[in-house]
Amino acid sequence: MTVSIYEPDLGTPAPASGGAPVTLEINGMPVTVPEGTSVMRAAAEAGLSIPKLCATDSLDAFGSCRLCLVEIEGRRGYPASCTTPVADGMVVRTQSDRLAKLRRNVMELYISDHPLDCLTCSANGNCELQDMAGAVGLREVRYAPGENHLAAEVDDSNPYFQFDPSKCIVCSRCVRACDEVQGTLALTIDGRGFASMVSPSAHEPFAESECVSCGACVQACPTATLMEKSVVEKGQPERAVVTTCAYCGVGCSFRAELQGEEVVRMVPEKAGKANHGHSCVKGRFAWGYATHPDRITTPMIRRSIDEPWQEVSWEEAINYAAGEFRRLQAEHGRNAIGALTSSRCTNEETYLVQKLVRTAFGNNNVDTCARVCHSPTGYGLKATLGESAGTQDFDSVQQADVVFIIGANPTDAHPVFGSMMKQRLRDGAKLIVADPRTIELVRTPHIEAAHHLKLKPGTNVALLNALAHVVVTEGLVDEAFVAARCETESFAQWREFVARPENAPEQLSEVIGVPAETLRAAARLYATGGNAAIYYGLGVTEHSQGSTTVMAIANLAMATGNLGRPGVGVNPLRGQNNVQGSCDMGSFPHELPGYRHVSEPTTRLEFERAWGATLDPEPGFRVPNMLDAALAGQFHGLYLQGEDPVQSDPNTQHVQAALKAMQCVVVQDLFLNETAKYAHVFLPGASFLEKDGTFTNAERRISRVRRVMRPRAGKADWEVTVALAEALGQPMPYSHPSEIMDEIARLTPTFTGVSYARLDELGSIQWPCNDSAPLGTPIMHGESFVRGLGRFMLTAYVPTEERTSRKRPLLLTTGRILSQYNVGAQTRRTDNVHWHAEDRLEIHPSDAESRGVVDDDWVAVASRSGETVLRASVTERVQPGVVYTTFHHPVSGANVITTDNSDWATNCPEYKVTAVEVAKVMQPSEWQREYGEFTARQRAFLPDGNDKTPVTESDTSA
Amino acid sequence: MTPDKLVYMANQIGSYFTTDPQPEHARQQIAEHMKKFWAPSMRATLIEALDRDADVEAQLDDLVRQALIEHRTLLLGSAANA
């Protein structure tokens, strides 16, 4: 679906809430718009274009360029149409001889200090200054050459865009975008009058400033002052295709702007309902991995991981994999093989992989990477509210009075939603942060958390119980809500439980590491501050009590009546682009699409009829079960689509040993990832730019992924799964992913109304979408909970067994950073390495000092699982006794240290709590040395022409 | 899978349901959790180990051990009497 390269710009935003209709006359035409609309926007909606430069509909009106002047009967002078609201009966003229003269004079002044190099300018053909010169009929510039900015130097320090101040008209759109849209305030107008200049931070180059490279300033710039380097290099795009970002769970809508099949730039779509025209450095700029030379585009096989790869045809690779899987089942039983779906792939692709497992493999040994991130969300929210999903849409935050963030770092991991959140916090919402680290939102320009509960890692449940204790014992329960919406018995049990003295803040304060009075104040604010919304991430789920924490969060929201309307809710911030979707599609071993257990006879019969196969009524293996079973000699074959457990799963050496024990590991991926080094079959994957499908983001929003280029290996991922299924004797006669979605809709009650035609019509749809909600469901649990009455669950605090000791006195916790993404397979193959070329260990100054460690030192981090070596960053972001690292670079071996502890209910790994010791060292760890050797050997096994060089130095050297 | 790991996982499940004020209900919930989320071979391996290995019996928390014994049929299905 190709769309125009030009998006309409109505000049100013629509009024915040649709006001009463106002009718005015513009150039003799009656125009009716909502109260609060600007004259400029009213004219644009009527098809009348008023010249403008400083105005754009993504930013508040500024009124500085004086180009949008109009005449209004009964008013003196020439008001700026962008800052003048409409009024009933107003009579406006947008064109007159006088206006034309004024505008020409304004343009003449602009052009007098602008390089007249239009023919060679990168914005040629898409320049608002050029357009306005034409619109006002500028024919000459009468000013003699004089002082000007034409010799100003270009700042090309940012890897993705350049700043050419000689072309700047000081309209402040970039400064305002950084302020209003992104909320970073990295830009300012420095100087006064003629000396006014856009300045990143304090006269710093862009790359060294506070700029987070979200691209909002580039998008807002009306000239070539801020321009993507890809456009400077390639020229203006010729067409655009609307698609969905393949990075985090925000699921931003983008326009892939193209020349032929080549992406020139990715621009966030203004109509995108998740992102409203905003983006982050990953989605906006880090797409170059799709055409990176490391891509492997020819299928390969080998009998042993100690042998070189052999390039083969698709047919040969598929038949080899199918033959091996059948052999293993014949020799070791039906349950000896399984598969992993990916939260990086589309709904249609994950649906097909689980269908392949349940039909062609004949078992339920299918799992997904949500196992290691948000599986506790599915368990906890299903148990309490009745649906394994977040309750709100992102826009809901704009109606929140209190925002409670626990175990999430939105400005790094969900940056576009983080910016939306910043807007609301700057508008007055109060903020509570519960996090062992000082995340950016604790204190950032114009925002300061009312309470930062800097808890000790592993004490989430204690903290939530303490908050609930205050709610219950201080009479802050919303009794009417609970009586109407929740189970009487489970509430009574829970109320008695949390009211016990052992759950009082004073009792738990020392365990949590937060003063009791702070806990009490935070609880009071959450319960009485108006609409209160909880946002949480992997800092909640990736614990031995992950599921308990999710249930404690739901309890707290129910008890205070903070569910079922805008501005409130329980909001899991999903890590990857399609975590929600991969779970929805039946990727877990115990449930079919739509979260229905495999043991339900009616559901199973429905699928058996549709799929023409008999289904196993018992749950299959989870990922950790598969690995354990492999080491026990009971599990021998694994098909992994877009997954890299060697890097992403805990206790790396355990994962490596388990994969080595398998006889047939089939990896379908873009690159020779860490897991592929243990594979016997490599099936080339397709990037999100090369296939059709859908992703479902953290707010249950299903959005289209649209193919903009042909698959580089000849097949989209869904076609590969179809071929494998058919080689295994299970026909999957689909000709397009839309047919797969049609099947999903037929079989999944929450998807009944979803189709590609409907998605094209509505842009995106939030499930449930069915006869009772034909347009989808932005806010869930409105009148009643999905399970009927809300169920309170008891949430006793059980300390993790991973505890500090004299030998390992520090607690390691892990997380993400803005510029890199998860295992980094994509972002490490982009210029994002500029900001994060290596994973580092954050350590508090007191812990560093006692170990003789200073910034940039190499330090060994040792746990009971293993040891790795990282460079130290000494910072007060972490508290004494806590160290922190990211896991974006394989050589860092962050998961060499993490343990096999996991959530009691779901086996989600406890990445967030590992007891470690840190010591200054001079050389890499033994694991890193072995990793380097193994990686070099595996790369040497690749056929000529494929990836033989390190992606980055940090890939192979510590 | 090794019984040690299964014992650990089972005790972890038990630790959640310990808070249930009705032990009978807690035992039922433990068994239903395993039935719902554990592959049959995992349940069979644990119960077999409980049957033949005194160490396993000792390592299992009381509530969990009782749940496995009381709900053997639920957990093993037709193989319970084999």
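The values are calculated or read from the model by the stated rules, or taken from the named source; none is laboratory data. Source: prediction; values computed, not measured. Here the Cβ is made from the backbone with ideal geometry for all residues, glycine too, and neighbour counts use every protein chain on show.
Annotations
- Members of the range A:880-917 found to be away from chain B (no Cβ under 14 Å), within 27 Å of the chain's Cα centre (by Cα) and part of a loop (DSSP other than H, G, I, E, B), listed by number: A:Phe887, A:His888, A:His889, A:Gly893, A:Thr898, A:Tyr911, A:Lys912, A:Val913
Here is a yes/no grid of residues against (1) under 30 Å from A:Gly380 (Cα atoms); (2) at pLDDT 75 or above; (3) not acidic (Asp, Glu):
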site	(1), (2), (3)
A:Pro909	yes, yes, yes
A:Ala919	no, yes, yes
A:Arg929	no, yes, yes
A:Glu933	no, yes, no
A:Phe941	no, yes, yes
A:Gly945	no, no, yes
A:Lys948	no, no, yes
A:Thr952	no, no, yes
A:Asp955	no, no, no
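- For the range A:390-405, residues that are outside any loop (DSSP other than H, G, I, E, B) and within 17 Å of the chain's Cα centre (by Cα) total 4.
- A count restricted to the range B:7-16 and to residues that are more than 11 Å from B:Leu63 (Cα to Cα) and under 9 Å from the mean Cα position of the chain (by Cα) stands at 1.
- Unique residue being modelled with pLDDT of 95 or more, out of contact with any Cys (no Cβ under 7 Å at 6 or more places or on another chain) and either over 26 Å from A:His636 (Cβ atoms) or facing chain A (nearest Cβ under 10 Å) (or both) when the list is B:Ala44, B:Ala58, B:Ala80, B:Ala49: B:Ala58
- Of the helices (runs of 4 or more DSSP H) contained entirely in the range A:621-709, those carrying at least 2 residues that are over 25 Å from A:Ala936 (Cα atoms) fall at A:623-631.
- Failed criterion for A:Asn364 (all others in (1) assigned to a helix (DSSP H, G or I); (2) farther than 14 Å from A:Thr721 by Cα hold): (1)
- Residues that are of a type in the set (Gly, Ala, Ser) and part of a loop (DSSP other than H, G, I, E, B) were ranked within the range A:239-262; the one that is farthest from A:His276 (Cα to Cα) is A:Gly260.
- Meets criteria (modelled with pLDDT of 95 or more and surrounded by fewer than 24 Cβ atoms within 10 Å (Cβ to Cβ)) for A:Arg326: yes
- Answer residue from the range B:24-36, given it is farther than 20 Å from A:His590 by Cα and in contact with a helix residue (DSSP H, G or I) (Cβ under 7 Å, 6 or more places away or on another chain) and is nearest to the other protein chains (Cβ to nearest Cβ) among those: B:Ala26
- For the range A:782-791, the condition of being in contact with a His (Cβ under 9 Å, 6 or more places away or on another chain), among the small types (Gly, Ala, Ser) and either outside the structural domain of A:Gly546 (by TED's automatic domain parsing) or at pLDDT 95 or above (or both) holds for at least one residue.
- Scanning the range A:593-634 for residues that are within 34 Å of the chain's Cα centre (by Cα), within 8 Å of chain B (Cβ to nearest Cβ) and aliphatic (A, V, I, L, M) yields a single hit, A:Ala629.
- Members of the range A:479-513 that are charged (D, E, K, R), within 37 Å of the chain's Cα centre (by Cα) and assigned to a helix (DSSP H, G or I): A:Glu479, A:Arg485, A:Arg495, A:Glu510
- Tally, over the range B:3-17, of residues that are in contact (Cβ under 8 Å) with a residue 12 or more places away in the chain and at the interface with chain A (Cβ under 7 Å from one of its Cβ atoms): 2
- Yes/no for A:Met132 being hydrophobic (A, V, I, L, M, F, W, C), surrounded by fewer than 17 Cβ atoms within 10 Å (Cβ to Cβ) and within 20 Å of A:Cys65 (Cα to Cα): no
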